[in-house]
Amino acid sequence: MAFAQTLNGRLRRVPTWPVYLGLTLPFLWLVGQLFTGGLGVDPTKALEHEIGLWGLRLIVAGLCITPIRRITGVSLLKYRRAVGLMAFFYVVLHLLVWLLLDIQLRWDEIWADILKRPYITLGMIGFTLMIPLALTSNALSIRTLGAAAWGRLHRLTYAIAVLGAVHYLLAVKAFPRDPLIYLTLIGVLLALRLPWIRRRLALRPA
Ligand code: HEM
């Protein structure tokens, strides 16, 4: 506990901009790979996959913040907005790669895919649910909505995480080992929020 308090004291002095900057690096690295031929024979697919994965990783990272606080006392709450907004940034880029490079704005195919391919439908629902969260990730929205309503709205993250992971599960063609790992991790992170599990594990309040 003393360790958590010391760490929290140090973290209070660390601003959020290095988090935004650090989380932009995977994108810059991928752009570099794209222009140097490091993305293999199908760079569009590779870019789509890598950027989609970063979106999902950051959604999961955002879900870790409350359990870390409850289990260890270390508070990363200050960085949650940065992680969430960067997750949105990667999901928007993932969607743009699909629209512009993969399907190349062939609108009839776009609509057909959204309506007929379950993994695209789920991805699209996940993306749509992220929009209100991104738009209200600011202090003014918390004040306008009130903390309780804002908190309820932001529970959409749970649905987004499940939709993102199931979308991944349905998108991969080989044995879905990694999607199953993500789904299990998300299941554990959501279970840790259930009141009776929190009571059983004697976790700290949020
Ligand atoms: C919450 C939102 C989303 C998340 C977290 C997400 C994440 C992912 C992940 C992790 C993959 C698999 C990468 C791999 O194959 O290794 C993927 C694949 C893909 N996603 Fe998404 N995605 C999201 C939304 C969308 C949306 C809105 C679209 C387009 C409408 C989309 C289109 C695709 C496509 C086309 C693939 C590649 C499937 C293939 O291999 O052919 N995704 N996504």
Practice problem: May I ask you to evaluate 6.51 cos²θ - 1.76 cosθ + 1.60, the Karplus curve with θ = phi - 60°, for each residue of the range 7-15 and list the ³J(HN,Hα) values in order in whole Hz, giving x for glycine and proline? | Solution: 4, 4, x, 5, 5, 4, 8, 8, x
Quiz item: Rounded to the nearest whole Å³, what is the per residue volume of the convex hull around the Cα atoms of the range 8-157?
Solution: 145 Å³
Practice problem: Among W111, T6, M130, pick out the residue whose Cα is farthest towards the positive end of the charge dipole of the chain, where Lys and Arg carry +1 and Asp and Glu carry -1 on C-beta, about the Cα centre. | Solution: T6
Exercise. Kindly identify the range 89-188 as rounded, prolate or oblate by the Cα gyration tensor criterion: order the square roots of the eigenvalues as a ≥ b ≥ c, call it rounded if a/c is under 1.5, otherwise compare a/b with b/c, prolate if a/b is larger, else oblate.
Key: oblate
Quiz item: To the nearest 10 degrees, how steeply does helix 17-35 sit against the main Cα axis of the chain, on a 0 to 90 scale?
Solution: 20 degrees
Quiz item: Cα axis of helix 80-96 to longest principal axis of the chain: angle in degrees, 0 to 90, nearest 10?
Solution: 10 degrees
Exercise. Report the FRET efficiency, 1/(1 + (r/R0)^6), for L129 and I197, where r is their Cβ-Cβ distance and R0 is 22 Å, rounded to 0.05.
Key: 0.35
Quiz item: Which order, highest average first, do 115-124, 85-94 follow once you tally other Cβ atoms within 10 Å for each residue and take the mean per peptide?
Solution: 85-94, 115-124
Quiz prompt | Label-to-label distance, nm, for residues given as L100 and L77 (7 Å Cα→Cβ offset) | solution = 3.8 nm
Quiz item: Which angle between 0 and 90 degrees, to the nearest 10, do you get for helix 118-135 versus the longest principal axis of the chain when only C-alpha atoms count?
Solution: 50 degrees
Quiz prompt | Inter-probe distance in nm under a simple model that places probes 7 Å from Cα toward Cβ, at V41 and T184 | solution = 3.2 nm
Quiz prompt | Residue order, fewest to most surrounding Cβ atoms within 10 angstrom, among I114, I125 | solution = I114, I125
Practice problem: Please give the residues of the range 85-119, grouped as numeric ranges, whose backbone N is less than 15 Å from a label point set 7 Å along the Cα-to-Cβ vector of L34. | Solution: 89-105
Practice problem: Treat the count of other C-beta atoms within 10 Å as a stand-in for reagent exposure and order F127, F3 from fewest to most. | Solution: F3, F127
Self-check item: Assigned charges on the beta-carbon of Lys, Arg, Asp, Glu; the range 62-206 dipole about Cα centre (debye)
Solution: 1000 debye
Self-check item: FRET efficiency estimate (nearest 0.05) - Cβ-Cβ, R177 to D108, R0 25 angstrom
Solution: 0.10
Quiz item: From the phi of every residue in the range 192-205, what ³J(HN,Hα) in whole Hz does the Karplus formula 6.51 cos²θ - 1.76 cosθ + 1.60 yield, where θ is phi - 60° and glycine or proline is x?
Solution: 5, 8, 6, x, 5, 6, 4, 5, 4, 8, 6, 7, 5, x
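Values quoted throughout were computed directly from the atomic coordinates according to the rules given, and no laboratory measurement underlies them. Keep in mind the model is a prediction, meaning the values are calculated, not measured. Positions of Cβ are generated from backbone atoms using ideal geometry, with glycine treated the same way; all protein chains shown enter the neighbour counts.
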